[in-house]
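Student: Pasting in a structure now, in structure tokens, and then I'll have a few things to ask.
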Amino acid sequence: MSVSRREFLERSAALTAAGFLPRVPSPDELGRPIAAGAVGASAIGVPFRGRPVVVSSANGIRGVKVAYDQITKGTDPLDAIIAGVNIQELDPDDQSVGLGGLPNEEGIVQLDASCMHGPTKRAGSVAGIEDIATPSLVAKAVMDYTDHVMLAGAGARKFALAMGFKAQNLLTEKSRQDWMRWKSRLNAGDFWLDHNDDIKIKFTTGTINMNAVTATGDIASVTTTSGMAYKIPGRIGDSPIIGAGQYCDNLVGAAGSTGRGEANIKACASFLAVEFMRQGLAPEAALIKTLERVAAMTEPRLLDANGRPKFDLEFYAVAKDGRYAGATLYSGGRFAVCDEKGPRLESAAFLFKR
Ligand code: GLY
């Protein structure tokens, strides 16, 4: 049965409204350059009115408020969320990021970060950078001042110093002691004496990811971390990888992650989450579908007797219209959000019950 073009358009519109088909993108969404000043405006020139919201991993509970207050006063969403994550980067008690982050196996703190700016479609990233407490800002400097997207290791540090960042020792006394405890327990036959055997060795794959959407629908995302505790020197996690640690598309939304980076990298999971939202899924459904992919991509040695991943991975997302979600592989996770109701922790959706 043939269908006229008009009938086809009417049927697709009805199905789209009913939520069965992805919305057909407008010419702007298909990649036509957006005219200066039109950022945040709809295809027919009516200013986009949405709902500002900031979402992050639970450790961003202070940062989401700072970022939300800034975006509602007109600050650029990327500057606002970087101000939000700077709080954790500079907090010596957060051992998953920046100053005080747990070091690599040699006792050296190596940091990863990346960011994306939706309105201008730009990204920046640093990997394995040492001595600079705020890698999120260095990632933004890569984005703002270079033609590159990613700098790593000694080159990233040199760039940061040239940009005026100050070098400092990031290994706090608390993290040094945790590292030494881990080191002394590595091998019963080594020459380090074991003390205080009841002390639990501290590990973290913690990180902070933060995403924001403004009232005009402009979106940004940032992720920053000290990575997996006691990692092999040079190990790079998901956080500095655009599409894994975070991803942002100003026409759709943003997503980012915390947890076992190796699992995220193989699924390009933040990119995937944004793609699922582009296809019409709400943020929570998009994150659950992303977690299903992560689980499906898990190698057998990392699966338990029930075929479930032995690790956790968490995702956070905002959509252009202000909907948001957090979702984790296992139940019990929480995430931070701030909107007109103020900052709070909410329960994350999950794929598997613990
Ligand atoms: N998600 C942080 C890391 O694996 O490095």
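Student: Which ³J(HN,Hα) values, rounded to whole Hz and listed in residue order, are derived for segment 71-76 from phi using the Karplus coefficients 6.51, -1.76 and 1.60 in 6.51 cos²θ - 1.76 cosθ + 1.60 with θ = phi - 60°, glycine and proline given as x?
Tutor: 5, 6, 9, x, 5, 4
Student: How large is the Rg to Rh ratio of segment 237-354 when both quantities use alpha carbon positions and Rh follows Kirkwood?
Tutor: Values: Rg = 13.6 Å, Rh = 14.1 Å.
Reported Rg/Rh (Cα atoms, Kirkwood Rh): 0.96.
Student: Another question about this same structure. Over what distance in Å are the Cα centres of segment 327-354 and segment 63-116 separated?
Tutor: For segment 327-354 versus segment 63-116, the Cα centre distance is 19 Å.
Student: Moving on to the next point. Using the 2.2 N^0.38 Å rule of thumb for compact globular proteins, work out how the chain stacks up: its C-alpha Rg over that value, please. Write out the running numbers ahead of the final one.
Tutor: On the way: Rg = 21.2 Å, N = 354, 2.2 N^0.38 = 20.5 Å.
Compactness ratio reported: 1.04.
Student: Bin width 10 Å, origin at 0, all Cα-Cα pairs of segment 86-193: what percent of pairs per bin?
Tutor: Reading upward from the zero bin: 16, 40, 27, 12, 4, 1.
Student: Run the quick spin-label model on Gln168 and Lys121: label points 7 Å from Cα toward the beta carbon, then report their separation in nm to one decimal.
Tutor: 3.8
Student: Another one. How far, in degrees from 0 to 90, does helix 135-145 lean away from the longest principal axis of the Cα atoms of the chain, to the nearest 10?
Tutor: It works out to around 50 degrees.
Student: Round to a whole angstrom and tell me the spacing of the C-alpha centers of segment 141-201 and segment 214-258.
Tutor: 19
Student: Per the helix-only calculation at 222 nm, which mean residue ellipticity applies to the chain, given -39500 (n - 2.57) for every DSSP H run of n ≥ 4 and division by its residues, nearest 500 deg cm²/dmol? Let's see the in-between values first.
Tutor: On the way: 9 runs with 102 residues, N = 354.
So the calculated ellipticity at 222 nm is -9000 deg cm²/dmol.
Student: Stretch Thr75-Arg185 to full length: gain in nm at 0.36 nm per residue minus the Cα-Cα span?
Tutor: Working: separation 110, 0.36 × 110 = 39.60 nm, distance 4.79 nm.
Roughly 34.8 nm would be gained on extension.
Student: Sticking with this one: Provide the packing ranking of 139-149, 291-301, i.e. peptides ordered by the mean count of other C-beta atoms within 10 Å per residue, highest first. Intermediate values should be presented prior to the final figure.
Tutor: Working: 139-149: 17.8, 291-301: 14.9.
In descending order of packing, they fall as 139-149, 291-301.
Student: What is the dipole size for the chain, taken about its Cα centre, with +1 at each Lys and Arg Cβ and -1 at each Asp and Glu Cβ, in debye to the nearest 20?
Tutor: Working: 40 positive and 39 negative charges, 140 e Å.
So the magnitude is around 680 debye.
Student: Grab the beta carbon distance between Trp192 and Arg49, set R0 = 56 Å, and tell me the FRET efficiency rounded to 0.05.
Tutor: Values: r = 61 Å, r/R0 = 1.10.
With R0 = 56 Å, the Cβ-Cβ based efficiency is 0.35.
Student: On to the next question. Name the lysines eligible as straight-distance cross-link partners of Lys73: C-alpha to C-alpha under 30 Å, and not fewer than 8 places from it in the same chain.
Tutor: In chain and number order, the partners are Lys65, Lys121, Lys140, Lys166, Lys320, Lys341.
Student: Now, a different point. Out of every Cα-Cα pair in segment 121-166, what percent are more than 16 Å apart?
Tutor: So the pairs more than 16 Å apart make up 19 percent of the total in segment 121-166.
Student: Quick query: amide H of Thr204 versus all other amide H atoms, modeled in the peptide plane; which residues come in under 5 Å with a sequence gap of 5 or more or a different chain?
Tutor: Hits under the 5 Å cutoff: Ala229.
Student: Which order do peptides 233-245, 173-185, 277-289 fall in by mean Cβ count within 10 Å, highest first? Provide the component values of the computation, followed by the final result.
Tutor: Values: 233-245: 23.8, 173-185: 16.2, 277-289: 20.5.
Taking the mean over residues of other Cβ atoms within 10 Å, the ranking is 233-245, 277-289, 173-185.
Student: Applying a 10 Å radius around every beta-carbon, put 150-161, 90-101 in order of their mean neighbour count, most first. Please list the in-between numbers first.
Tutor: On the way: 150-161: 18.0, 90-101: 21.4.
Per-residue mean Cβ counts within 10 Å order the peptides as 90-101, 150-161.
Just so you know, all these numbers are worked out from the coordinates, no wet-lab data involved. Note that the structure is a prediction, hence the values are computed from the model and not measured. Positions of Cβ are backbone-derived with ideal geometry, glycine not excepted, and every protein chain shown enters the neighbour counts.
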